[in-house]
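Asks: I'd like to ask some things about the structure below.
Please treat every number below as a calculation from the coordinates, not as lab data. Just so we're clear, the structure is a prediction, and the values are computed from it rather than from any experiment. For neighbour counting, all protein chains shown are included, and Cβ atoms are generated from backbone atoms with ideal geometry for every residue, glycine included.
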Amino acid sequence: MSDGFSRQVEARFGRGAARYAEAAVLQRAVAWRLVRQLQHLPLPAGPCADLGAGSGTVAQAMAALTPELHAREPLQLDLTPALLARNPLVHRQLAWDLNGGLPAQLQGTALLTSNFALQWLTDPASQLKQWCRALTSGGVLALAVPVAGSFRQWQRAAETSGVPCTALPLPPVEALIAAASNELDLLRCQQLKFSRQARGLELLRQMRTIGADASQAPRLSGAQLRRLLRHWPPGPTTWEVLLLLGRRP
Ligand SMILES: C[S@@+](CC[C@H](N)C(=O)[O-])C[C@H]1O[C@@H](n2cnc3c(N)ncnc32)[C@H](O)[C@@H]1O
């Protein structure tokens, strides 16, 4: 992915920023699950950050579930200023493209969290490895990321209709686990399946609403879209999500 793709991602999330917090139901549910893993987990001293923090879904879960972590004011780092503008941690924000790695201030970090953001990066496995290496000894990474195997219904519709699949290619879970387990002691590593009733046009509209509709593939024509939707299989849409918690030895 190029800088051009980052610009497209930022523009789309920027356009959806006003409706993101209300409409991102799955992201919110997973963020709460992720933060629950951090309850009562000892952490070393040092900076904390939420990577791809957006409008603060993880920070809000922390405020409710782990007030002691929220009090450490994790840096809210994100590509999209329009989402950061809606993030309640106003004094702890950094507009930053994670494709360029982490900022120097996050070397020796005590806690890195990231929810539904890593998949947008050019090379998720190698960025993940850098995130793990930025942790101080005893520091913790808490990651939730959708992985390959999600959106099977969309892929099936594309295959049977002969229309290109414009869904974001998601990273294979094995590559992410390998990257993290080389650097961290894994405390939890689980692949969870989520499903939502939205399918076909409703799913595509929901993704557009929250701004998660950037694609490297050329835009479908009206005729292609209609053909794709006619072939969309019945039933809910499924997401495969890796939930990973690890500590730097
Ligand atoms: C689906 S949203 C998740 C936001 C938040 N973590 C949550 O749980 O609601 C994906 C986020 O990743 C951010 N993002 C995408 N590409 C990025 C990049 N290259 N660098 C930094 N952030 C990026 C987007 O701006 C957006 O805020």
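Asks: Considering the convex hull of the alpha carbon atoms of the chain, report its projected area averaged over all viewing directions, in nm², one decimal.
Replies: For the chain, the mean projected area of the Cα convex hull comes to 12.3 nm².
Asks: Translational diffusion coefficient of the stretch 53-112 at 20 °C, 1.002 mPa s, Stokes-Einstein with Kirkwood Rh over Cα pairs, in µm²/s as a whole number.
Replies: It comes out at roughly 180 µm²/s.
Asks: A follow-up question, please. Compute the angle between helix 152-161 and the longest alpha-carbon principal axis of the chain, please, reported from 0 to 90 degrees and rounded to the nearest 10.
Replies: 30
Asks: Moving on. Quick one: what are the phi-derived ³J(HN,Hα) couplings along the stretch 3-19, Karplus 6.51/-1.76/1.60 with θ = phi - 60°, whole Hz, x for glycine and proline?
Replies: The phi angles translate into 3, x, 5, 4, 5, 5, 4, 4, 5, 5, 5, x, 5, x, 4, 5, 9 Hz.
Asks: For Ala198, enumerate residues with amide H under 5 Å from its amide H, sequence gap 5+ or separate chain, H modeled in the peptide plane.
Replies: Those lying under 5 Å, H to H, from Ala198 are Thr237.
Asks: Moving to a separate point now. Once you put a point 7 Å from the Cα of Leu94 and another 7 Å from the Cα of Ser181, both along the Cβ direction, what distance in nm separates them?
Replies: Label at Leu94, label at Ser181, 3.0 nm between them.
Asks: Just want to confirm a number: the relative contact order over the chain, from Cα pairs under 8 angstrom separated by 6+ residues, in percent.
Replies: Worked out over the chain, it gives 24 percent.
Asks: Grab the Cα-Cα distance for Phe194 and Ala217, subtract it from 0.36 nm times how many residues apart they are, and report the gain in nm with one decimal.
Replies: Stretched fully, the Phe194-Ala217 segment lengthens by 5.8 nm.
Asks: May I pose another question? For helix 25-36, report the angle its Cα long axis makes with the longest principal axis of the Cα atoms of the chain; keep it between 0 and 90° and round to the nearest 10°.
Replies: Helix 25-36 and the main axis of the chain meet at about 20 degrees.
Asks: Still on this structure, please answer the following. Which is farthest toward the positive dipole end of the stretch 137-249 among Gln155, Val241, Leu176, measuring Cα position about the Cα centre, with Cβ charges +1 (Lys, Arg) and -1 (Asp, Glu)?
Replies: Checked the options; the winner is Gln155.
Asks: Per 5 Å bin from zero, what fraction in whole % of the C-alpha pairs of the stretch 1-102 is there, up to the bin with the longest pair?
Replies: Final binned percentages: 2, 13, 22, 23, 20, 12, 5, 2, 0.
Asks: Under the Karplus relation 6.51 cos²θ - 1.76 cosθ + 1.60, θ = phi - 60°, what is the ordered set of whole-Hz ³J(HN,Hα) values for the stretch 213-230, x standing for Gly and Pro?
Replies: Going residue by residue, I get 10, 5, 8, 7, 7, x, 4, 6, 6, x, 5, 5, 4, 4, 5, 4, 5, 5 Hz, with x marking Gly and Pro.
Asks: Okay, next question. Charges at C-beta only: +1 for Lys and Arg, -1 for Asp and Glu. How large is the resulting dipole of the chain about its Cα centre, in Debye rounded to 20?
Replies: Dipole magnitude for the chain comes out near 800 debye.
Asks: Also, I was wondering about something else. When every alpha-carbon pair in the stretch 120-249 is counted, what percent end up more than 21 Å apart?
Replies: 48
Asks: Note down the Stokes-Einstein diffusion coefficient of the stretch 126-183 in µm²/s, whole number, using a Kirkwood radius over alpha carbon pairs, 4 °C, and 1.567 mPa s.
Replies: This corresponds to a translational diffusion coefficient of 96 µm²/s.
Asks: If you take every DSSP beta bridge fully contained in the chain, what fraction is antiparallel? Give it as a percent rounded to 5.
Replies: 50
Asks: Also: Check Leu187: other-chain or 5+ apart residues with amide H under 5 Å from its amide H, H built from backbone geometry?
Replies: Hits under the 5 Å cutoff: Leu245, Gly246, Arg247.
Asks: For the stretch 165-176, in order, what is each residue's ³J(HN,Hα) by Karplus, 6.51 cos²θ - 1.76 cosθ + 1.60 with θ = phi - 60°, in whole Hz (x at glycine and Pro)?
Replies: 8, 9, 5, 4, x, 9, x, x, 4, 4, 5, 6
Asks: Highest mean first, what order results for 77-87, 120-130 on Cβ atoms within 10 Å?
Replies: In descending order of packing, they fall as 77-87, 120-130.
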